[in-house]
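Undergrad: Quick one: this structure, given as structure tokens, is what I'll be asking you about.
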Amino acid sequence: MIEATVKIEFITPAFVGNDDPNNVALNEKALKGLLRFWWRAFLSDPSWDYKKLFEEEEKIFGSQNRASSFSILIMERTENRQENFGDFLRTQWRTQGSPDGVKYLLYRKVLDNSAFIEPGATYTIKFFAKDNNTMGEVLKALWFLENFGGIGSRSRRGAGSFVVKNIEVPEECSDNLKSLKEKFLYNYDKSKEVTKLINEGVNTFANNSRSSYNSFPQFTSLSSHSKIGIYQNNSWNSWLDAVNDIGYRFKNYRDYSRNERFRKQASLLHQYFVDGQNEQILRQNPPDKVYFGLPIMYNFRVRGSGSIKAKAEPARLNDEKLGRRASPLFFRFGRFPVDNGKYYVVVSTFPAKFLPVKILLSERNAPHTIPINPDDNKMEAVLNEFLNSLGGVQWIR
């Protein structure tokens with residue numbers, strides 16, 4: 001049995017568990033699921049069919065019929081649980097200005113006044129693996145989770161970002177395991193090395209055939225269509241500065257008053273709800289916003305009759321509701337080991353094949369369905385357009 005002890009710290013608010021503050025806590029099962037997700041995204045082989053993929057995952061992460069090859073135990077935790085995220089933000093407004101960008105990225109959490117764990121919470125976690133190879137796969141998955149993802153709800157929009165502060169492995173472990181440990185960011189003392197380190201980590205750990213895979217994958221994973229970059233702003237002195245700035249930029253890009261294309265597409269939908277026009281146009285050219293994830297909420301004003309509240313959500317061709325389609329865009333916030341704790345963001349896209357769906361447009365309890373023809377290449381182009389709008393990104397790929 002091989003052991004590894006890992007200490008992590010949340011650097012953005014984490015929405016884990018549920019909205020009962022007594023149940024808001026990081027747990028082992030959720031962490032193992034996230035490690036599985038990122039192992040699949042970077043370390044699986046694109047040539048595998050789903051049966052082979054499941055078999056390989058099962059060897060490490062287990063299934064209903066097979067025990068996992070490793071286990072997780074949270075040994076120590078120092079966390080401050082808060083009941084109301086919206087109220088928490090309002091206290092920040094009084095001293096740091098209105099964080100509209102945070103509200104945009106974490107809108108539902110603000111609206112629902114969700115319970116959360118404050119940045120600064122630390123955890124000591126033990127991993128137990130049956131051998132060096134298994135522990136190596138687990139630590140690789142942890143490396144990808146730290147650098148591209150987060151823990152809990154809204155992690156694709158920057159919530160639950162964390163840093164690994166230390167890893168301890170026994171002296172008798174393999175040299176490869178010791179070398180892998182040295183690739184984590186906390187070992188580096190210069191901020192300029194972070195971009196280099198993340199680039200080296202992807203090139204070293206990721207499955208080579210996946211990084212060069214030219215087709216759009218069937219699920220969120222690395223491919224030749226993926227984009228990864230690091231953006232930093234020297235004025236960011238806190239997680240709130242960083243999240244607010246990126247959220248504000250994302251909001252501006254998608255704002256109808258600033259993006260003429262989005263405004264025209266919203267107008268087509270507006271007319272469709274009012275008098276049924278534009279259905280054929282919408283079938284062939286769905287609004288670009290669908291490529292950032294579904295559902296999408298709409299609130300259209302109608303002269304003389306108030307407003308129309310609508311919801312666009314995905315469904316299979318037989319009208320079975322899917323509820324949501326996860327976004328291929330990820331924001332992961334990091335903090336440099338030195339340089340007075342300055343912050344940066346890893347912005348990445350992992351576009352996967354947009355499977356044939358309908359968009360269910362529900363308005364005033366009267367559902368409308370429009371079969372759409374999503375275009376994977378257009379999805380990639382829209383995502384890249386937003387990335388390019390950021391400016392000053394250090395691109396890794």
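Nothing in this text is a laboratory measurement; each read-out follows from the coordinates by a stated rule. Being a predicted model, the structure only gives us computed values, none of them experimental. In this analysis, Cβ positions are derived from the backbone assuming ideal geometry, glycine residues included, and neighbour counts consider all displayed protein chains.
Undergrad: Pop the C-beta distance of Lys178 and Asp275 into the FRET formula with R0 = 56 Å and round what comes out to the nearest 0.05.
TA: After rounding to 0.05, the efficiency reads 0.25.
Undergrad: State the extension gain, in nm to one decimal, for the chain segment bounded by Asn84 and Tyr256, taking 0.36 nm per residue of separation less the distance between their alpha-carbons.
TA: Here the segment from Asn84 to Tyr256 would lengthen by 58.9 nm.
Undergrad: What does the net charge come to around Leu222 if you take all other residues with beta carbon closer than 11 Å to its beta carbon, with K and R at +1 and D and E at -1?
TA: +4
Undergrad: Also, I was wondering about something else. With the crude spin-label approximation of a point 7 Å out along Cα→Cβ, what separation in nm comes out for Arg301 versus Thr91?
TA: 3.6
Undergrad: Let me ask another. Of the residues Ile308, Ile117, Ile230, which exhibits the maximal mean-square fluctuation in a Gaussian network model of the chain defined by a 10 Å Cα contact cut-off?
TA: Among Ile308, Ile117, Ile230, the largest GNM mean-square fluctuation belongs to Ile308.
Undergrad: If you don't mind, another one. What is the order of Val16, Val382, fewest Cβ neighbours within 10 Å to most? All intermediate terms of the calculation are to be shown ahead of the outcome.
TA: On the way: Val16 23, Val382 20.
Ranked by crowding around the Cβ, least crowded first: Val382, Val16.
Undergrad: Next question. With angles folded into 0 to 90 degrees, how steeply does helix 239-254 sit against the dominant principal axis of the chain? Use alpha carbons for both and round to 10.
TA: 30
Undergrad: A further question follows. About its Cα centre, how strong a charge dipole does the chain have in debye, to the nearest 20, once Lys and Arg get +1 and Asp and Glu get -1 at the Cβ? Before the final figure, lay out each step's value.
TA: Working: 56 positive and 45 negative charges, 244 e Å.
It comes to approximately 1180 debye.
Undergrad: Over region 118-223, what portion of Cα pair distances is larger than 22 Å, expressed as a whole percent?
TA: 40
Undergrad: At 0.36 nm per residue, minus the direct Cα-Cα distance, what do Lys126 and Ser63 gain on full extension? Give it in nm, one decimal, please.
TA: Here the answer is 20.6 nm.
Undergrad: Please identify, among Arg303, Arg156, Arg40, the residue showing maximal mean-square fluctuation in a Gaussian network model of the chain using a 10 angstrom Cα cutoff.
TA: The residue that fluctuates most here is Arg303.
Undergrad: While we're here: Please arrange His225, His270 by counting, for each residue, the other beta carbons lying within 10 Å of its beta carbon, fewest first. If you can, show how the numbers build up before the last one.
TA: Numbers: His225 21, His270 18.
Exposure proxy ranking, most exposed first: His270, His225.
Undergrad: Okay, moving on. Mind checking the angle between helix 132-148 and the chain's longest principal axis? C-alpha axes, 0 to 90 degrees, to the nearest 10.
TA: 40
Undergrad: Along the charge dipole of region 145-186, which of Ser179, Asn166, Gly149 sits closest to the positive end, that is, farthest toward it, with unit charges on the beta carbon of Lys, Arg, Asp and Glu (+1, +1, -1, -1)?
TA: Ranked along the dipole, the leading option is Gly149.
Undergrad: Relative to the longest principal Cα axis of the chain, at what angle does helix 260-275 sit, 0 to 90 degrees, rounded to 10?
TA: Roughly 50 degrees, rounded to the nearest 10.
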